[in-house]
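Everything on this sheet refers to the single structure shown next.
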Amino acid sequence: QVQLVESGGGLVQPGGSLRLSCVASGFIFNRYNMQWYRQAPGKERELVASISTFGTSTNYADSVKGRFTISRDAAEKTVTLAMNSLKVEDTAIYYCNALSTWDAAEYWGQGTQVTVSS
């Protein structure tokens, strides 16, 4: 069965850093683009970052460019989001997403809470 298991969320001060991890299982990892979304209370879900099947291409929302870095590890079947210089506006639930490049398959993690507050 498919699983996306997220970890790394928590409470940090403005200017601090967090690293989110998503461990994938139950599907062919290198056929999927991997993405991170976030959703703050009362707001629409937002695509934060994406990375192609072998990590050759990445994209970021304008709001996080220069502060966040997405990466993937094929051996560990893991996607990470390194978040630096965090702002209060980054507070949200962050979701790991897998999007197939071969068919219509798409999977989601359970979400992990990131809170940036002093």
Fill in the blank from the handout: Taking 0.36 nm per residue of separation between S63 and Q1 and subtracting their Cα-Cα distance, the length gained on full extension comes to 18.9 nm
Exercise for the section: Please report, as a whole percent, how much of the solvent-accessible surface of the chain comes from carbon and sulfur atoms (probe radius 1.4 Å). Expected result: 48
Fill in the blank from the handout: Per the 1/(1 + (r/R0)^6) rule, R0 = 35 Å and r from the Cβ atoms of E44 and A75, FRET efficiency to 0.05 is 0.50
Completion exercise
Taking r as the C-beta separation of S85 and W108 and R0 as 30 Å, the FRET efficiency to the nearest 0.05 is 0.65
Problem - Loop-located trypsin sites (Lys or Arg not before Pro) in segment 31-73 whose Cβ has at most 11 other Cβ within 10 Å (DSSP) - result: K43, K65
Fill in the blank from the handout: Note: the chain at 4 °C, 1.567 mPa s; Kirkwood Rh on alpha carbon pairs; Stokes-Einstein D in µm²/s works out to 91
Handout entry: Simple Cβ-charge dipole of segment 30-118, Lys/Arg +1 and Asp/Glu -1, about Cα centre, in debye nearest 20
Key = 120
Practice task
Would you kindly state how much longer the chain becomes between R31 and T101 on full extension, computed as 0.36 nm times their sequence separation minus their alpha carbon distance, in nm to one decimal?
Solution key: 24.6 nm
Exercise for the section: Leaving out ligands and nucleic acids, note down the accessible area per residue over the chain with a 1.4 angstrom probe, in whole Å². Expected result: 53
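The values are calculated or read from the model by the stated rules, or taken from the named source; none is laboratory data. Owing to the predicted nature of the structure, the values given are computational and were not obtained by experimental measurement. Virtual Cβ from ideal backbone geometry, glycine too; neighbours counted across all protein chains shown. We work out accessible area using only protein heavy atoms, side chains counted, and drop any ligands, DNA or RNA first. Shrake-Rupley method; radii C 1.70, N 1.55, O 1.52, S 1.80 Å.
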